[in-house]
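Have a look at the structure below before the remarks.
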Amino acid sequence: MSEVKIPAQIRREFGKGFARRARAAAQVPAVVYGHGGEPVHVTLPGHELMMALKTPNVLLSLDIEGRTELVIPKAVQRDALKGFLVHVDLLVVSKGEKVTVEVPVHTEGELAPGGNLLEHILNTLTVEAEATHLPESVTANIAGLTAGDSVLAKDVVLPAGTTLAIDADAVVLQVMAAQSEAPSEAASTEA
C-alpha cells in the first residue's frame, strides 16, 4: 500500500461556526490522536482527502506544519444527504506497528450450476496487520460451492503478515438453494 501525502494545518478555532466556514472553504476538520499524545486538531484539503479515502484503510502521510505523521482513518463522518466529508478521526501509526482494521471481502469463482444464491454474512473481515502493509481487500474462493456450503473466516486466504482478529469459525459467506414458489391450487385445478 502506498502512502498518500496530504498537507494539514493546525486549527485553533473550534465549534460549529468554524467547522461550517472550513467546509465552505473546501477544508475538512479532523483530529489526529494516538500513541499517548495530546490530540491535534487540524484541517485537511477536502478534495484530496475524499480521493484518498476511496481506498479502504489508506495510509496517510500528513505534513502538519513541517512535521510528518503517518495516520490511518479511524472514523469518517459524511453528510447524510449530500455525502460530503464532515469530520475525520485519524489514528497515528508507526512503521512496524500492528493495527486492527476491517477489510472488504471479495469473491472469485462461480457457484455450482443449479440456481444457487450466495449470501454475504460478513461484508468485511477484521484482521490485524502492520500499519504500513494493510491489505485493501481479501478474496474468498466460491468456485463449485453448492447449496448448504459456507466459507468460514479461516478459509479466506490472507496476505502474508496478516492474521484474523475475529473467531476463525465465523461464517463469512453461505450458499443457499434458490426457493421457487409453490404452484397455487387455482393453477393446478385449471389444468
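Backbone amide hydrogens, once placed in the peptide plane, bring residue 172 within less than 5 Å of 151, 152, 153, excluding anything fewer than 5 places away on its chain.
Under the combined filter of DSSP loop state and at most 16 neighbouring Cβ atoms within 10 Å, region 1-85 retains these trypsin sites (Lys or Arg not before Pro): 12, 54, 82. Considering only protein heavy atoms and a 1.4 Å probe, what is the carbon-and-sulfur percentage of the accessible area of the chain? The nonpolar share, carbon plus sulfur, comes to 52 percent. Per-residue Karplus couplings for region 102-114, computed as 6.51 cos²θ - 1.76 cosθ + 1.60 with θ equal to phi - 60°, are listed in order as 9, 10, x, 9, 10, 10, 9, x, 10, 5, 4, x, x Hz, Gly and Pro entered as x.
Label separation (residue 149 vs residue 20): 5.7 nm, computed from points 7 Å beyond Cα along the C-beta direction.
Annotation: region 1-94 has a Kirkwood hydrodynamic radius of 13.3 angstrom, from the mean reciprocal C-alpha pair distance.
Accessible surface calculations at 1.4 Å, restricted to protein heavy atoms, place the chain at 58 Å² per residue. Charge tally for residue 40 (other residues, Cβ to Cβ under 15 Å; Lys, Arg +1; Asp, Glu -1): -2. Sequence-ordered 3J(HN,Hα) estimates for region 168-177 from the Karplus curve with 6.51, -1.76 and 1.60 and θ = phi - 60° stand at 5, 9, 5, 7, 9, 9, 9, 9, 10, 6 Hz, glycine and proline given as x.
Helical runs assigned H by DSSP (4 residues or longer) give the chain a calculated mean residue ellipticity at 222 nm of -3000 deg cm²/dmol, each run adding -39500 (n - 2.57) before division by the residue total. Directionally averaged projected area (the chain, Cα convex hull): 16.6 nm².
The values are calculated or read from the model by the stated rules, or taken from the named source; none is laboratory data. Worth saying up front: this structure is predicted, and the values here are computed from it rather than measured. Cβ sites come from the backbone with ideal geometry, for glycine too, and all protein chains shown count toward neighbours. Ligands, DNA and RNA are excluded from the accessible area calculation, which covers all protein heavy atoms including side chains. Shrake-Rupley method; radii C 1.70, N 1.55, O 1.52, S 1.80 Å.
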